[in-house]
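Down below is the structure, laid out as C-alpha cells.
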C-alpha cells in the first residue's frame, strides 16, 4: 500500500491523485484517451534499480512467446485498411517505457 500524500488535502492515497476516484476499479479504457500519458514514474510495473522485479525478464519473455504463438496460429497477417505503409528505417521510432508509443496495428485472420 502506498503512503498517503495525494489529493488537495494531502492525506488521500497517492494513486487516487493520479488515476482518479475509481483507481481500484478495473477500467483498461482509462489508458486509451491519453490522459495518463504524463504520469512519469507513477506507473512503472517492474520498478527499477535495486528494487527491480526479478521476474521482469521472464514476464516479458512470456508475453513475447504468447504473441508469436498467436501469430503462428493465424492464417493471414495484414495491415488494416487505411494504415500507411512506412519504408523500413523511416518508421517512427518513439518508444515509451514498456511499449511502442503508436503500437503495432495488424489484422489477423484465422
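Here are the numbers for this structure:
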| read-out | value |
| --- | --- |
| Conditions (1) within 28 Å of residue 108 (Cβ to Cβ); (2) surrounded by 12 or more Cβ atoms within 10 Å (Cβ to Cβ); (3) within 18 Å of the chain's Cα centre (by Cα); (4) modelled with pLDDT of 80 or more; number of the one not met by residue 36 | (4) |
| Residue in segment 49-69 that is modelled with pLDDT under 85, surrounded by 11 or more Cβ atoms within 10 Å (Cβ to Cβ) and under 18 Å from residue 104 (Cβ atoms) present | no |
| Identity of the residue in segment 1-16, exposed (fewer than 14 other Cβ atoms within 10 Å of the Cβ) and either touching a helix residue (DSSP H, G or I) at 6+ places or on another chain (Cβ under 8 Å) or outside any loop (DSSP other than H, G, I, E, B) (or both), that ends up modelled with the lowest pLDDT | 2 |
| Per-region count, segment 70-85, residues surrounded by 10 or more Cβ atoms within 10 Å (Cβ to Cβ), touching a strand residue (DSSP E or B) at 6+ places or on another chain (Cβ under 8 Å) and not in a helix (DSSP H, G or I) | 4 |
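The values are calculated or read from the model by the stated rules, or taken from the named source; none is laboratory data. This structure is a prediction, so every number in the text was calculated from the model and none was measured. Methodologically, a virtual Cβ is constructed for each residue, glycine included, from the backbone with ideal geometry; neighbour enumeration extends over all protein chains shown.
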